[in-house]
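Note sheet for the following structure.
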Amino acid sequence: MKISNVLFRVVILLIVAELIVGCQPAAPATEAPAEPAVEEAPAAAEKPFGAADCAPNCTYADMTMCYPQLGAESDWRTANTASFKDESANLGFKLVFSDAQQKQENQISAIRSCIQQGVSVIALPPVVEDGFEAVLTEAHNAGIPVIIVDRSVSADPSLYMSHIGSDMVLEGERAAEEFNKKFPDGAAVLELSGTTGSGAAVGRAEGFRNKLNSNITILDSQTGNFTRAEALPVMQAFLQKYEAGTDFQGIFIHNDDMGIGAIEALKAAGVKPGDLFIVSVDGTRGGFQAMIDGWFQADVECNPLLGPQVAEMALKLMNGETIEREVLTNETVYYPDNAAELLPSRQY
Ligand code: GYE
């Protein structure tokens, strides 16, 4: 065979070999070595956030609920505290209770101590709306579910499981309707508002302004921090500045305790029951008495007896059950005409 012939064959062979290799699918450069196929194990069912180890069979005996109460500023608050303590005794769960004396920093340290104790659930009635993000994040990172009770918070809703309480905006709207009915031709009113920055005061003020007729003006608005003691000097100052009955015809008061403090100042200034149209909020026994005595012309209900609902929801969370994001209390407005009849059956 001639040399040229040999070369020709070699070239042809090389070309054919190249063609065969070229037709093979290229192996990906990074392909992992083939492993024997393994049946994927079913992922362990993920426990819902907040579910306890005892889920789905937890009982109240397994529960430790933290209730960092915001204070003891009013009869409403006293009834709210009693509702949680009674429920703990009735159902047999452990309650870690504290009183923050209306100071946010106290409430935050009480929450931190509950996180350290590893409670099953934290039910938080926030004294004000803002400033709870950090501590709620700490609770979340510790896996402890939080239920916001009574007043609202401005923190991201992913940091808590639910809110149980009153519709404060609706309460303010209901109060406004009373003034609209009483003063179709217009009037000037004062507002004694609750704790500055609290969900209850913010909501009631907002609702009041939402619904108040444009011919009714809010002459002045000052906070009495939801207490009798603080409302009294605020009302005295109002009475020095404005003439009752002439400069203003009514007062919207954000809770009964402040109303009772304000009545003291009104009495001292010679104002008589009925001279002014006064609408308050809560519906406590003190508020009912003020209606019977002729001072309040309406009392917008705000129900403090939230213990049973919160306990039930807390147990559901421990058991990994789904719950509602928001539970609003069903409420009404009370009037003087049947206040005497209803007073004996009032629970707070
Ligand atoms: O109206 C008032 C209390 O947050 C709804 O707080 C609660 C309010 C209530 O001090 O009496």
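Observations on the model:
- I115 vs. criteria modelled with pLDDT of 95 or more and more than 17 Å from S198 (Cβ to Cβ): yes
- For beta carbons closer than 8 Å, sequence separation of 6+ or different chains, a first residue in region 187-215 that is more than 19 Å from F132 (Cα to Cα) and touching a residue at least 60 places away in the same chain (Cβ under 8 Å) and a second that is within 14 Å of the ligand (Cβ to nearest atom) and basic (K, R), the qualifying pairs are S193/R204; G194/R204.
- Pairs are defined by a Cβ separation below 8 Å, a sequence spacing of at least 6 or placement on different chains, a first member in region 148-167 that is under 17 Å from I323 (Cα atoms), and a second member that is part of a strand (DSSP E or B) and polar (S, T, N, Q); the pairs so defined are I148/S162.
- Checking each residue in region 265-309 for being away from the ligand (no atom under 14 Å from the Cβ), of a type in the set (A, V, I, L, M) and not in a loop (DSSP other than H, G, I, E, B) picks out A265, L266, A268, I278, M291, I292, A298.
Yes/no per residue for (1) assigned by TED's automatic domain parsing to the domain that holds N225; (2) under 15 Å from T64 (Cα atoms); (3) surrounded by fewer than 21 Cβ atoms within 10 Å (Cβ to Cβ); (4) not hydrophobic (A, V, I, L, M, F, W, C):
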{"residue": "S98", "(1), (2), (3), (4)": "no, yes, yes, yes"}
{"residue": "Q107", "(1), (2), (3), (4)": "no, no, no, yes"}
{"residue": "I122", "(1), (2), (3), (4)": "no, yes, no, no"}
{"residue": "V135", "(1), (2), (3), (4)": "no, no, no, no"}
{"residue": "V146", "(1), (2), (3), (4)": "no, yes, no, no"}
{"residue": "L159", "(1), (2), (3), (4)": "no, no, yes, no"}
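- Scan of region 188-235 for residues that are assigned to a helix (DSSP H, G or I), hydrophobic (A, V, I, L, M, F, W, C) and either farther than 19 Å from A269 by Cβ or within 14 Å of the ligand (Cβ to nearest atom) (or both), ordered by number: A200, A201, V202, A205, F208, A229, A231
- Applying the set (1) among the polar types (S, T, N, Q); (2) assigned by TED's automatic domain parsing to the domain that holds R325; (3) within 15 Å of the chain's Cα centre (by Cα) to N141 leaves exactly one unmet item: (3).
- Test: residue in region 156-166 that is outside any strand (DSSP E or B), among the hydrophobic types (A, V, I, L, M, F, W, C), closer than 25 Å to D282 by Cβ and away from the ligand (no atom under 16 Å from the Cβ): no
- Filtering A134, A100, A110 for residues that are touching a helix residue (DSSP H, G or I) at 6+ places or on another chain (Cβ under 6 Å) and of a type in the set (A, V, I, L, M) leaves a single hit, A100.
- When residues in region 260-279 are screened for being in contact (Cβ under 8 Å) with a residue 60 or more places away in the chain and either more than 12 Å from P336 (Cβ to Cβ) or β-branched (V, I, T) (or both), 2 of them pass.
- Within region 231-258, the set of residues being in contact (Cβ under 8 Å) with a residue 40 or more places away in the chain and among the β-branched types (V, I, T) comprises V234, I251, I253.
- Among the conditions (1) touching a residue at least 12 places away in the same chain (Cβ under 8 Å); (2) outside any loop (DSSP other than H, G, I, E, B); (3) of a type in the set (D, E), D337 misses just one, which is (1).
- Pairs with Cβ under 8 Å, 6+ apart, first in region 121-140 and of a type in the set (S, T, N, Q), second at pLDDT 95 or above: T137/L159
- Strands (runs of 3 or more DSSP E) lying entirely in region 56-153 (those with 3 or more residues that are more than 13 Å from the ligand (Cβ to nearest atom)): 64-69, 94-99, 121-124
- Residue within region 310-328 that is in a loop (DSSP other than H, G, I, E, B), modelled with pLDDT of 95 or more, within 16 Å of the ligand (Cβ to nearest atom) and within 21 Å of the chain's Cα centre (by Cα) present: no
The values are calculated or read from the model by the stated rules, or taken from the named source; none is laboratory data. None of these values were measured; they are calculated from a predicted model. Glycine also receives a Cβ, built like all others from the backbone with ideal geometry; neighbour counts cover every protein chain displayed.
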